[in-house]
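Only one structure is covered here, and it is reproduced in the block below.
The values are calculated or read from the model by the stated rules, or taken from the named source; none is laboratory data. Computed from a predicted structure; not experimentally measured. For neighbour counting, all protein chains shown are included, and Cβ atoms are generated from backbone atoms with ideal geometry for every residue, glycine included. Calculation scope for accessible area: heavy atoms of the full protein, side chains included, ligands and nucleic acids excluded. Shrake-Rupley method; radii C 1.70, N 1.55, O 1.52, S 1.80 Å.
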Amino acid sequence: MSESATSTRDQAGVAALVPRLRRICGEDGVLTDTARRRTYESDGLTRHRAVPGVVVLPTTADQVAAVVRLCAENGVPFVPRGAGTGLSAGALPHAEGVLLVTSRMRRVLEIDVENECAVVEPGVANLDVTRAAAPYGYHYAPDPSSQQVCSVGGNVAENSGGAHCLKYGFTVNHVRGLDIVTPSGELVSLGGKSPGAHGYDLIGAFIGSEGTLGVATRVTVGLTRSPERTVTLLSAFASMDAGGRAVSSIISAGVLPSAIEMMDALAIEAAERAVACDYPEGAAAVLVVELDGPAAEVDAQLAEVTRLCSEAGAFETRTATGADERARIWKGRKSAFAAVGRISPAYIVQDGVVPRTALSEVLRRITELSAASGIRVANVFHAGDGNLHPLVLFDDAEPGAEERAEEVSGAILDLCIEHGGSITGEHGVGVDKACKMPRMYGPDDLATFDLFRRALDPDGIANPDKLLPTPRLCGEQPGVHRKVHPLVESGVAEQF
């Protein structure tokens with residue numbers, strides 16, 4: 001059958017499901033109008049776009065399960081989507097499939113103080129968990145920069161982190177239980193309120209699977225007691241190397257800040273234009289260091305960190321103790337991604353990881369890539385754990401500029417791999433980085449990933465073409481094998 005005939009068949013298949021989808025989710029829960037569907041054509045990474053075949057907005061777990069069962073019965077692909085703030089095209093719709101949006105499932109179902117946890121629906125905004133827990137003296141620790149709008153379900157799909165993951169860890173470190181709908185439409189409960197579990201770590205496998213193993217419909221997260229004291233420092237340096245030395249000195253001294261963030265001069269310039277954050281003039285780099293815990297411990301760490309920054313070459317250090325002062329320091333860092341729009345018509349947000357010891361070398365290499373290509377790169381990153389977020393700037397009206405920017409962006413990921421790091425720290429693989437997976441993993445590794453994925457989704461309908469490379473994306477061998485799986489054929493694994 002020709003490709004055009006297959007596409008026509010798939011579109012007809014999606015259209016045929018609409019009346020049944022409306023019976024499941026109601027008239028207002030199914031969007032077929034082209035203009036309204038186009039609203040969902042991309043996530044936060046707008047370079048990748050596709051208008052979904054149909055958009056459904058369920059309000060209950062039973063509706064999610066019914067929609068997925070309908071897709072499974074008819075061989076129609078579906079793509080889960082939360083708030084659409086992702087930065088890897090992980091929620092890129094399928095043009096002949098169903099986009100399953102969980103944004104209407106946004107209730108905080110329970111704050112269980114005795115068990116120090118919260119039970120929420122997947123569409124709840126990350127920050128709303130902390131708002132609900134704050135009156136009881138608790139907060140939800142994972143805090144992506146988009147925490148005011150990004151959803152807990154999306155955080156689960158991407159294993160999101162945030163500025164404070166240095167001390168508190170990623171989403172996977174805080175999820176105790178999940179209710180999920182599998183790609184066959186079965187409702188399954190994993191874990192619960194207990195902080196420990198036995199047997200296979202199915203929760204760990206689901207978190208970070210980017211919608212390829214199903215859809216979360218309820219999430220039980222651990223809550224962290226709010227610290228007695230929190231202090232934020234802003235230290236300015238005349239060079240990135242000096243800032244890097246300060247980071248190494250702090251960690252080597254045994255101090256574990258809740259966050260260590262770094263911005264370079266270009267990122268500072270963008271933030272100043274956008275939000276007037278009033279960072280020290282002439283800084284080539286700034287460090288934002290946050291300390292929290294018992295008051296006596298924080299006071300001792302504050303003196304130590306201030307000394308270490310000074311010894312590394314800081315020419316100015318500011319200390320904020322009140323919430324308003326801390327918010328002013330964080331304002332520049334948290335606005336950085338959007339702020340570069342003030343200094344560049346277009347940009348690519350990248351996300352890679354390197355060992356802390358390789359930071360200085362990788363940053364120097366990024367500077368060299370920028371100079372050689374004529375493409376500016378603004379550096380913003382979680383310095384404490386080596387999670388880089390280079391912002392690759394270009395003018396999309398200039399012929400060839402976007403292609404050069406993409407080359408630089410890809411070369412930065414190659415640098416991360418070369419220095420023992422990873423192609424993603426918290427933004428996920430999605431469509432954008434699937435081509436890079438063979439740089440990190442060999443054929444047997446990728447085949448094993450695919451075998452696990454197919455155990456839950458044998459027909460490949462759950463968020464297809466994401467995470468694992470496919471011919472359409474990368475010229476690689478198919479991620480979903482239609483015949484006997486290579487590992488099964490070789491006797492290494494059993495299919496069941």
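Does D128 fit the bill of being charged (D, E, K, R), outside any strand (DSSP E or B) and either open to solvent by 20 Å² or more (accessible area, probe 1.4 Å) or in contact with a strand residue (DSSP E or B) (Cβ under 8 Å, 6 or more places away or on another chain) (or both)?
Values: charged (D, E, K, R): yes; outside any strand (DSSP E or B): yes; either open to solvent by 20 Å² or more (accessible area, probe 1.4 Å) or in contact with a strand residue (DSSP E or B) (Cβ under 8 Å, 6 or more places away or on another chain) (or both): yes.
Spelling it out, D128 is indeed charged (D, E, K, R), outside any strand (DSSP E or B) and either open to solvent by 20 Å² or more (accessible area, probe 1.4 Å) or in contact with a strand residue (DSSP E or B) (Cβ under 8 Å, 6 or more places away or on another chain) (or both).
Regarding the range 183-201, can at least one residue be identified that is under 24 Å from the mean Cα position of the chain (by Cα) and part of a helix (DSSP H, G or I)?
No, there is no match, as no residue in the range 183-201 is under 24 Å from the mean Cα position of the chain (by Cα) and part of a helix (DSSP H, G or I).
From the list D179, D241, pick out the single residue that is assigned to a helix (DSSP H, G or I), outside the structural domain of R69 (by TED's automatic domain parsing) and over 21 Å from Q301 (Cα atoms).
On the way: D179 fails: assigned to a helix (DSSP H, G or I).
Selected residue: D241, the only one of D179, D241 that is assigned to a helix (DSSP H, G or I), outside the structural domain of R69 (by TED's automatic domain parsing) and over 21 Å from Q301 (Cα atoms).
If you check T321, T317, T220, which single one turns out to be buried (at least 16 other Cβ atoms within 10 Å of the Cβ) and farther than 30 Å from D179 by Cα?
Numbers: T321 fails: buried (at least 16 other Cβ atoms within 10 Å of the Cβ); T220 fails: farther than 30 Å from D179 by Cα.
Just one listed residue meets the conditions, T317.
Go through the range 311-366 residue by residue and tally those that are without any contact (Cβ under 8 Å) to a residue 12 or more places away in the chain and acidic (D, E).
1
With the range 356-448 as the region, which helices (runs of 4 or more DSSP H) entirely inside it contain at least 2 residues that are farther than 24 Å from A336 by Cα?
401-418, 437-440
So Y279 fits all but one of (1) open to solvent by less than 40 Å² (accessible area, probe 1.4 Å); (2) modelled with pLDDT under 95; what number is the exception?
Failed condition: (2).
If I ask for residues that are over 23 Å from A295 (Cβ atoms), surrounded by 18 or more Cβ atoms within 10 Å (Cβ to Cβ) and touching a Ser or Thr at 6+ places or on another chain (Cβ under 7 Å), which ones from the range 223-264 would you list?
If the condition is that a residue be over 23 Å from A295 (Cβ atoms), surrounded by 18 or more Cβ atoms within 10 Å (Cβ to Cβ) and touching a Ser or Thr at 6+ places or on another chain (Cβ under 7 Å), then G244, A246 are the ones that fit.
List, please: which pairs have Cβ atoms under 7 Å, are six or more places apart or on different chains, and start with a residue in the range 415-444 that is on the phi > 0 side of the Ramachandran plot and end with one that is outside any helix (DSSP H, G or I) and of a type in the set (D, E)?
G428/E210; G430/E210
Where residues in the range 91-125 are within 18 Å of I180 (Cα to Cα), in contact with a Ser or Thr (Cβ under 8 Å, 6 or more places away or on another chain) and charged (D, E, K, R), which of them is most open to solvent (accessible area, probe 1.4 Å)?
R106
Tell me which residues, restricted to the range 14-49, are within 29 Å of A405 (Cα to Cα) and open to solvent by less than 60 Å² (accessible area, probe 1.4 Å).
Those that are within 29 Å of A405 (Cα to Cα) and open to solvent by less than 60 Å² (accessible area, probe 1.4 Å): Y40, E41, S42, D43, G44, L45, H48.
Provide a single number: the residues in the range 117-138 that are over 25 Å from the mean Cα position of the chain (by Cα) and of a type in the set (D, E, K, R).
Summing the residues that are over 25 Å from the mean Cα position of the chain (by Cα) and of a type in the set (D, E, K, R) in the range 117-138 gives 0.
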